[in-house]
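Colleague: Dumping the structure here so I can ask a few things about it.
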């Protein structure tokens with residue numbers, strides 16, 4: 001990033017800190033007597049938030065930290081009502097709001113889906129029901145007049161999410177203990193902790209790590225650019241999009257031009273009286289268009305967090321059963337069908353991350369998976385990477401184009417819904433993937449976006465869980481969706497496999513990732 005913006009932006013926006021393989025995700029909970037933001041000053045002494053300024057040549061920091069806050073956390077800290085109401089509606093309502101639960105595929109009516117752990121999620125921000133009803137109506141809210149809805153809550157309330165990254169698990173444990181000891185006296189406790197790690201097999205190929213099912217993960221990411229020059233590469237402004245992956249910075253960082261060609265909106269703060277210089281001292285600036293307000297959101301973002309438990313043994317046992325059934329029913333044409341063959345088509349890539357194509361896999365580029373592919377050119381009829389595979393649903397690129405002339409516009413439309421992923425796996429690696437060892441493991445999914453509804457929720461509802469995606473019928477994402485069929489197109493036959501529930505939501509919510517000036521202001525509350 002450009003130096004001025006980088007100094008004000010959290011480092012998590014520009015980096016997943018891949019050089020720091022270990023870490024902790026700490027779900028922070030405020031005690032009932034906590035008010036104000038003085039605890040942030042305590043945290044700054046033991047775990048200062050890392051900015052986006054790159055280290056000098058040859059340097060790598062030994063630690064990094066990121067901090068995000070929930071709406072309920074900001075309210076308890078005493079952020080004024082006008083500012084609270086100016087946040088986006090998904091953030092103010094929270095992930096467990098009734099409508100959002102339905103569109104995310106987590107709950108229908110009073111019943112949790114099988115894709116959620118039995119009994120429902122164990123943690124969330126516990127955002128109050130219909131915040132706008134308490135006088136905190138946002139500028140874009142429309143009174144709906146609907147009947148009262150169920151208030152879904154969890155046992156654990158998370159007011160802030162602290163992410164710690166280090167070079168060793170021992171250092172991560174020590175740092176975590178240091179943070180806990182510092183925060184406990186000021187009324188902040190660690191309600192839940194997850195050990196995070198990546199284990200790159202070939203660091204020279206970009207620190208690619210495998211998730212617990214055994215597939216290379218974190219491969220395809222959007223490439224931000226900014227017409228105003230806020231994005232730089234080797235100190236050169238990146239003002240034009242790359243052909244396939246280019247996405248405006250404003251889709252990931254508030255205040256910059258987004259995919260709709262306008263500055264992405266964010267929260268604001270009324271200009272204080274002349275005798276209150278706190279916001280100015282913190283570094284907040286006036287909003288460029290909202291007269292009488294400071295720009296509280298500039299250089300911040302929203303981060304979606306979902307703790308996803310993976311049942312590795314169930315996944316591979318299911319793949320085995322499907323392969324055995326297909327070979328038994330079609331011995332003449334199905335000798336090549338193995339558990340790995342089916343699993344690769346559930347994902348859409350082989351285990352090393354190479355996209356499936358009709359003639360095998362897409363050739364690598366400089367030894368690494370090629371991620372600048374286009375489905376129309378490389379696999380138009382989905383005879384390689386199935387139409388309903390996880391990879392194709394998560395980012396269809398130009399696959400949904402009805403004809404060649406529509407490809408550019410469909411690719412552009414798909415890129416309007418991109419998210420910037422920052423997730424890591426938690427738990428220990430499994431010794432035998434077909435034998436349940438009773439240990440919990442999974443993925444702490446995290447992604448950055450400035451419009452939760454248009455980006456994350458759209459991907460989840462319209463692509464991943466859409467039973468009619470790409471002219472399919474009655475099928476959801478085979479990795480994240482509910483149990484059901486999955487179609488694999490093949491000549492001379494198409495094959496139908498039965499997928500089960502392999503991934504379950506344990507907890508999650510929407511958080512605000514503030515800029516460094518906003519964090520300094522929150523510390524003054």
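Colleague: Note down the nm distance, to one decimal, between modelled labels 7 Å out along Cα→Cβ at residue 372 and at residue 33.
Modeller: Here the answer is 6.0 nm between the modelled labels.
Colleague: Given contacts defined as C-alpha pairs under 8 Å and at least six residues apart, what's the relative contact order of the chain, whole-number percent?
Modeller: Relative contact order of the chain: 22 percent.
Colleague: Roughly what % of DSSP beta bridges within the range 150-280 run antiparallel, to the nearest 5?
Modeller: 60 percent
Colleague: Of the beta bridges DSSP finds with both residues in the chain, what % are antiparallel, to the nearest 5?
Modeller: In the chain, approximately 90 percent of DSSP beta bridges are antiparallel ones.
Colleague: Cut-off is 10 Å between beta-carbons; in what order do 333, 417 appear when sorted fewest neighbours first?
Modeller: The most exposed by this proxy come first: 333, 417.
Colleague: Remind me, relative contact order of the range 401-446 in percent, using alpha carbon pairs under 8 angstrom and six or more residues apart?
Modeller: On the way: 31 pairs, mean separation 16.9, N = 46.
Once divided by the residue count of the range 401-446, the mean separation gives 37 percent.
Colleague: Still on this structure: Taking the Cα-to-Cβ direction at residue 405 and at residue 351 and moving 7 Å from each Cα, how far apart do the two end points lie in nm?
Modeller: 4.7 nm
Colleague: Estimate the FRET efficiency between residue 177 and residue 233 by the formula 1/(1 + (r/R0)^6), using the beta-carbon distance for r and 22 Å for R0, to the nearest 0.05. Write down the numbers at each step before the final one.
Modeller: Numbers: r = 38 Å, r/R0 = 1.75.
Once rounded, the FRET efficiency stands at 0.05.
Colleague: If you fit an axis through the alpha-carbon atoms of helix 169-183 and take the longest principal axis of the Cα set of the chain, what angle between them do you get, 0 to 90°, nearest 10?
Modeller: Orientation of helix 169-183: about 30 degrees from the principal axis.
Colleague: Efficiency by 1/(1 + (r/R0)^6): what FRET value for residue 525 and residue 332, r their Cβ-Cβ distance, R0 = 45 Å, to the nearest 0.05?
Modeller: Computed FRET efficiency for residue 525 and residue 332 comes out at 0.05.
Colleague: Next question. Can you tell me, using C-alpha contacts under 8 Å and at least 6 residues apart, the relative contact order of the range 388-525 as a whole percent?
Modeller: Details: 163 pairs, mean separation 26.3, N = 138.
Reported as a whole number, the value is 19 percent.
Colleague: Between residue 291 and residue 359, what is the label-point separation in nm under the 7 Å Cα-to-beta-carbon projection?
Modeller: 6.4 nm
Colleague: Between residue 82 and residue 416, what's the calculated FRET efficiency when r is the beta-carbon distance and R0 is 30 Å? Round to 0.05.
Modeller: 0.50
Colleague: OK, next. Using helices alone, what [θ] at 222 nm do you get for the chain, with -39,500 (n - 2.57) per DSSP H run of 4 or more residues, divided over all residues and rounded to the nearest 500?
Modeller: Calculated at 222 nm, the ellipticity per residue is -5500 deg cm²/dmol.
Colleague: Now for a separate question. Extension gain residue 471-residue 491, at 0.36 nm per residue separation less the Cα-Cα distance, in nm?
Modeller: Value of the extension gain: 5.3 nm.
Read the figures in this text as sums done on the coordinates, not as results from a lab. Quick caveat: nothing in here was measured; it's all calculated off a predicted structure. Glycine also receives a Cβ, built like all others from the backbone with ideal geometry; neighbour counts cover every protein chain displayed.
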